[in-house]
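Read through the structure below, which is laid out as C-alpha cells, and then see the notes.
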Amino acid sequence: MIQRPERSEYSDYTARYVSLVPSEGELATILRVQSDLTFELLGGLTEEQGSYRYAPDKWSVKQLIGHLTDNDRIMSYRLLAIARGEQAPLPGYEENSYAAAGDFDRFTLQDLVRQYKLVRQSTLALLESLPEEAWSRMGTASSAPISVRAIACVIIGHELHHLAVLKERYLQ
C-alpha cells in the first residue's frame, strides 16, 4: 500500500503518529526497514540500560519495549478486524495500566526484544497478506473512525515516536 490515509480516516489523537510516517513508499516496506533499525538499536543495549528510567515516574527501557510489543499486538488485531470487515467498535486501552500489569522489568532485556521481534514479524506478515481493497476499509477503534491504512501508519509512527524518546531521554 503506497497511498496514505486521508485526514478523515483517523482521529486527532492518532494524527501525531500518522504525521511521522514517510510520505513515499510501501507501508509494509517502511515498517520492515524501520524494524531492522529498531532491533539493531535494541539489540545493542545492555541489561543495565534496560532498567534505566530517566525520571522516577517514567517507564524503564524494558517497560518501553513491553509497551511497544503490546501496542503492536493491539494495533495488529484492530487492523485485522477492520480489514476483515468488522463493524463492532473496538475498545481502546490504557497504556500505563497495561505497562504496570505486564510487569516487564521481571524479564531480561533480551527476552523482551525477542518477544517484540516475534510480534513484529507477525505484524509484517499480516500487512503483506492484505488484499488491496482491505487497505481503505473503515472501522471504529477507541471510539473513533479509522481505516486499515491509518492503523498501519499508527504502528509505524508510534514506534518512531518512542524511538525518538528512547534516543533523546534514555540513551544520552
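Determine, yes or no, whether residue 62 is at pLDDT 95 or above, charged (D, E, K, R) and touching an Asp or Glu at 6+ places or on another chain (Cβ under 7 Å). Talk me through it step by step, then tell me what you get.
Working: at pLDDT 95 or above: yes; charged (D, E, K, R): yes; touching an Asp or Glu at 6+ places or on another chain (Cβ under 7 Å): yes.
So residue 62 fits the description; yes.
Do we find that residue 110 is modelled with pLDDT of 95 or more, closer than 21 Å to residue 42 by Cα and either of a type in the set (S, T, N, Q) or crowded, with 16+ Cβ neighbours inside 10 Å (or both) in this structure?
Working: modelled with pLDDT of 95 or more: yes; closer than 21 Å to residue 42 by Cα: yes; either of a type in the set (S, T, N, Q) or crowded, with 16+ Cβ neighbours inside 10 Å (or both): yes.
Yes: the conditions hold for residue 110.
How many residues are out of contact with any strand residue (DSSP E or B) (no Cβ under 7 Å at 6 or more places or on another chain) and surrounded by 20 or more Cβ atoms within 10 Å (Cβ to Cβ) if we restrict to the stretch 131-156?
So the count comes out to 10.
Confirm whether residue 2 is among the hydrophobic types (A, V, I, L, M, F, W, C), open to solvent by 30 Å² or more (accessible area, probe 1.4 Å), assigned to a helix (DSSP H, G or I) and more than 19 Å from residue 169 (Cβ to Cβ).
Numbers: among the hydrophobic types (A, V, I, L, M, F, W, C): yes; open to solvent by 30 Å² or more (accessible area, probe 1.4 Å): yes; assigned to a helix (DSSP H, G or I): no; more than 19 Å from residue 169 (Cβ to Cβ): yes.
So residue 2 fails the test.
If only one of 42, 20, 31 is within 30 Å of residue 105 (Cβ to Cβ), in contact (Cβ under 8 Å) with a residue 12 or more places away in the chain and either in contact with a strand residue (DSSP E or B) (Cβ under 8 Å, 6 or more places away or on another chain) or open to solvent by 30 Å² or more (accessible area, probe 1.4 Å) (or both), which one is it?
Working: 42 fails: either in contact with a strand residue (DSSP E or B) (Cβ under 8 Å, 6 or more places away or on another chain) or open to solvent by 30 Å² or more (accessible area, probe 1.4 Å) (or both); 31 fails: either in contact with a strand residue (DSSP E or B) (Cβ under 8 Å, 6 or more places away or on another chain) or open to solvent by 30 Å² or more (accessible area, probe 1.4 Å) (or both).
Exactly one of 42, 20, 31 is within 30 Å of residue 105 (Cβ to Cβ), in contact (Cβ under 8 Å) with a residue 12 or more places away in the chain and either in contact with a strand residue (DSSP E or B) (Cβ under 8 Å, 6 or more places away or on another chain) or open to solvent by 30 Å² or more (accessible area, probe 1.4 Å) (or both), namely 20.
Among the basic types (Lys, Arg), open to solvent by 30 Å² or more (accessible area, probe 1.4 Å) and closer than 22 Å to residue 119 by Cα, is that true of residue 73?
Numbers: among the basic types (Lys, Arg): yes; open to solvent by 30 Å² or more (accessible area, probe 1.4 Å): yes; closer than 22 Å to residue 119 by Cα: yes.
Spelling it out, residue 73 is indeed among the basic types (Lys, Arg), open to solvent by 30 Å² or more (accessible area, probe 1.4 Å) and closer than 22 Å to residue 119 by Cα.
What is the number of the single condition among (1) free of Cβ contacts under 8 Å to residues at least 24 places away in the same chain; (2) in contact with a Pro (Cβ under 8 Å, 6 or more places away or on another chain) that residue 56 does not meet?
(2)
Could you pull out the residue among 58, 62 that is surrounded by 12 or more Cβ atoms within 10 Å (Cβ to Cβ), more than 18 Å from the chain's Cα centre (by Cα) and charged (D, E, K, R)?
58
Checking the condition at pLDDT 95 or above, closer than 25 Å to residue 13 by Cα and either open to solvent by 60 Å² or more (accessible area, probe 1.4 Å) or touching a strand residue (DSSP E or B) at 6+ places or on another chain (Cβ under 7 Å) (or both), which residue from 87, 121 passes? Give the steps one after another, and end with the answer.
Working: 121 fails: closer than 25 Å to residue 13 by Cα.
Residue meeting the stated conditions: 87.
The values are calculated or read from the model by the stated rules, or taken from the named source; none is laboratory data. It should be emphasised that the depicted structure is a prediction, and the values quoted were computed from it without experimental measurement. Here the Cβ is made from the backbone with ideal geometry for all residues, glycine too, and neighbour counts use every protein chain on show. These accessible areas exclude ligands, DNA and RNA; they are computed on the full protein's heavy atoms, side chains included. Shrake-Rupley method; radii C 1.70, N 1.55, O 1.52, S 1.80 Å.
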